[in-house]
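Note sheet for the following structure.
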Amino acid sequence: MAASKYSLPSIANRLFVTAFVASALVANTRADISPDQQWVCKADAKGQWQCQGGDKAGKAAPQPAATVVKTSAATTPITTRENIPHSDWDWVAIEQLEDPSLCKTGCEGAYIAPDADWEDADKDPDNAPLRASADNSSMEGNIVKLSGQVELTQGSRRLRMDNAILDRDNNQLKLDGNVEIREPDILVRANRATLNTEDNLGRFEQALFVQHNDGFRGQANVIDRASATTLDLEQGIITQCSPDDETWKIHASSIHLDSEEGWGSAKHARVNINDIPVFYSPYMTFPIDDRRKTGLLFPTLATSNSNGFELSAPLYLNLAPNYDATITPRFIEKRGTMLEAEVRQMSSFGTWVLSGAKLKDDQFKETADDDPIDPPLDELFGRDDDIPPREDRWVGRVEHKGKIGPILTKVDYNKVSDEDFFDDLSPDSLELKRSDHLTQSASLGYRDKSWQTELLVEQSQTIDDLLSSQYQLMPQLTIEKNYTGANFSPEWLFEAEFTDFKHDESIDDGGRFETGERVFAEVGASYPMRWAPVLLSPPSKCAMLAMNWKPLIATMTHPPPPHP
């Protein structure tokens, strides 16, 4: 699941902090307060909350006039039903969007929060006073009650409910009826909530949540925070699909999230595709932050005319703090089983990534029914035989970036068995990008404060028969003097490059491409003059370009790449 700005544990933390701060207001309520009272609370120098009533202009008054923040119509109580109204998720379909460019989630719509039109909505909650309003408030002994359109705001944070009750004897705060918490990018709704104002722990009942930016949302019968670092969901559902097209969802009888360990677990979890259960696990674990752990990753399902049904089940192996591996068996109905693997290693000297995939594609045999475009072409070129199956189809990649003192090393090598590999198989578990020319290069460099140089060898594998292969650099040597950052003093300039161009279809091999060497050099000086608002650096340069090319008749001239 894609990383998001706020993980589920952080959502819970912010919600409980909101309710905890709100309890400070209720705890300061007096028995002589009047109905429709509005309160403004701030922390004093000792960190204690000081609250006072105020009129609409914010002036203190013993018996202020009513200042009630009107709330919207009551939200339909939340249940575990599947047909929660789209408006409860802040979901707006694309045809109803005033600005279609806001469409982010599958181009079907967007999560749009209502305008934050309350006071101090543009401020950080940590730097804003707490404001509250309710239709009625009362106090009986140590029981404080607020009822009727209760609203608490603190900067960009807003909390609404029908009723709030504080028992100051046991530090218990109860919120009841249409509980709604909003912060930028986050919405949580619940029917009820019970919180302990002393240790900031508690639970939300019949709750749902959504993160607007990435569309991560879910619901649960109970969201329980039993400790400062854990969160438990009972009968939970999570998804990242839009409410009007829930392609997949994960159901679990219980979900446990531990922000201290960085991991979550789910019991009796099942994956639903279009409301059809396709995968079940009695127990599974998953990460909720950047820390790693060996285990199964979420499977991938797909279907196509050429491959049939596909299922990938990646296994992540946390082998050591500085290296890991991901092995992905991939079942392809019409072709067989493909194995994809990636190994990553990191040290103080650099990083290595080795990845590849292999399939013995001896089951697949393409016929005219598989591709409606091929039959006319076959008839045109006089071919009527089916394409025979292929064996040993594979792709591989080696990537390296290293640094040992001033020495720099780099490798980027990609190779594939045939030109149709990416079109037919496209190994999504590997960091491989389809390209008409797959890079195969290695370089050795040196860099210090004054100079930098690089020795590069590079070629490519062209996987499109309609394109000519690219030139090979065998090798290319560059030397360049670095800028010193001098001011009001001469800056000496030097750059040189030697390149030996090769080609698979060179003239020497009976082809039509010129090959040879090219030498480029540039020397000069500049006089940089920097002031606060202005930089002047008039240069004086002298350049030289020399080429040694194989002769070729004019009608077949195919010039090499120009100097950059």
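A few notes on this one:
- Filter pass, Gly336 being surrounded by 14 or more Cβ atoms within 10 Å (Cβ to Cβ) and out of contact with any Gly (no Cβ under 7 Å at 6 or more places or on another chain): yes
- Residues of the range 145-188 satisfying the condition of being buried (at least 20 other Cβ atoms within 10 Å of the Cβ) and not in a strand (DSSP E or B): Gly155
- Answer residue from the range 419-440, given it is without any contact (Cβ under 8 Å) to a residue 60 or more places away in the chain and part of a loop (DSSP other than H, G, I, E, B) and is nearest to Asp361 (Cα to Cα) among those: Asp420
Conditions (1) at pLDDT 85 or above; (2) within 25 Å of His256 (Cβ to Cβ), marked per residue:
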position: Leu146; (1), (2): yes, no
position: Gly155; (1), (2): yes, no
position: Arg160; (1), (2): yes, no
position: Asp176; (1), (2): yes, no
position: Arg192; (1), (2): yes, yes
position: Glu198; (1), (2): no, yes
position: Gly202; (1), (2): no, yes
position: Asp224; (1), (2): yes, yes
position: Gly236; (1), (2): yes, yes
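- Selection within the range 295-317 - out of contact with any Asp or Glu (no Cβ under 8 Å at 6 or more places or on another chain), assigned to a loop (DSSP other than H, G, I, E, B) and either free of Cβ contacts under 8 Å to residues at least 12 places away in the same chain or open to solvent by 70 Å² or more (accessible area, probe 1.4 Å) (or both): Leu297, Phe298
- Residues that are over 45 Å from the mean Cα position of the chain (by Cα) and open to solvent by 40 Å² or more (accessible area, probe 1.4 Å), drawn from the range 520-537: Val523, Tyr527
- Matching entry among Asp504, Asp509 (being in contact with a His (Cβ under 9 Å, 6 or more places away or on another chain), open to solvent by 60 Å² or more (accessible area, probe 1.4 Å) and more than 30 Å from Thr337 (Cα to Cα)): Asp509
- Scanning the range 242-289 for residues that are under 17 Å from Ala302 (Cα atoms), in a loop (DSSP other than H, G, I, E, B) and touching a strand residue (DSSP E or B) at 6+ places or on another chain (Cβ under 7 Å) yields Glu246, Thr247.
- Some residue of the range 225-241 being open to solvent by 70 Å² or more (accessible area, probe 1.4 Å), touching a residue at least 40 places away in the same chain (Cβ under 8 Å) and more than 30 Å from Thr351 (Cα to Cα): yes
- Residue within the range 274-293 that is closer than 29 Å to Leu201 by Cα, open to solvent by less than 60 Å² (accessible area, probe 1.4 Å), modelled with pLDDT of 85 or more and not aliphatic (A, V, I, L, M) present: no
- Residue that is most open to solvent (accessible area, probe 1.4 Å), among those in the range 118-144 that are within 27 Å of Arg217 (Cα to Cα) and at pLDDT below 85: Asp126
- Residue list for the range 338-370, filter: small (Gly, Ala, Ser) and modelled with pLDDT under 90: Ala368
- Selection status of Ser259, in contact with a helix residue (DSSP H, G or I) (Cβ under 6 Å, 6 or more places away or on another chain), surrounded by 14 or more Cβ atoms within 10 Å (Cβ to Cβ) and either at pLDDT 90 or above or farther than 25 Å from Glu399 by Cβ (or both): yes
- Taken over the range 69-117, the criterion of being exposed (fewer than 15 other Cβ atoms within 10 Å of the Cβ), among the hydroxyl-bearing types (Ser, Thr, Tyr) and either modelled with pLDDT of 55 or more or in contact with a strand residue (DSSP E or B) (Cβ under 7 Å, 6 or more places away or on another chain) (or both) is satisfied by Thr79, Thr80, Ser87, Ser101.
- Only one of Ser468, Ser443 that is surrounded by 14 or more Cβ atoms within 10 Å (Cβ to Cβ), among the polar types (S, T, N, Q) and not in a strand (DSSP E or B): Ser468
- Glu419 satisfies every condition listed in (1) touching a Leu at 6+ places or on another chain (Cβ under 6 Å); (2) surrounded by fewer than 18 Cβ atoms within 10 Å (Cβ to Cβ) except (1).
- Filter pass, Ser489 being among the small types (Gly, Ala, Ser), assigned to a loop (DSSP other than H, G, I, E, B) and modelled with pLDDT of 85 or more: yes
- Residue within the range 295-302 that is more than 21 Å from His256 (Cα to Cα), under 21 Å from the mean Cα position of the chain (by Cα) and not charged (D, E, K, R) present: yes
The values are calculated or read from the model by the stated rules, or taken from the named source; none is laboratory data. All values reported here derive from a predicted model rather than from experimental measurement. Using ideal geometry, Cβ is built from the backbone for each residue, glycine included, and neighbour counts are taken over all protein chains shown. Protein only, heavy atoms only, side chains kept; ligands, DNA and RNA dropped before computing areas. Shrake-Rupley method; radii C 1.70, N 1.55, O 1.52, S 1.80 Å.
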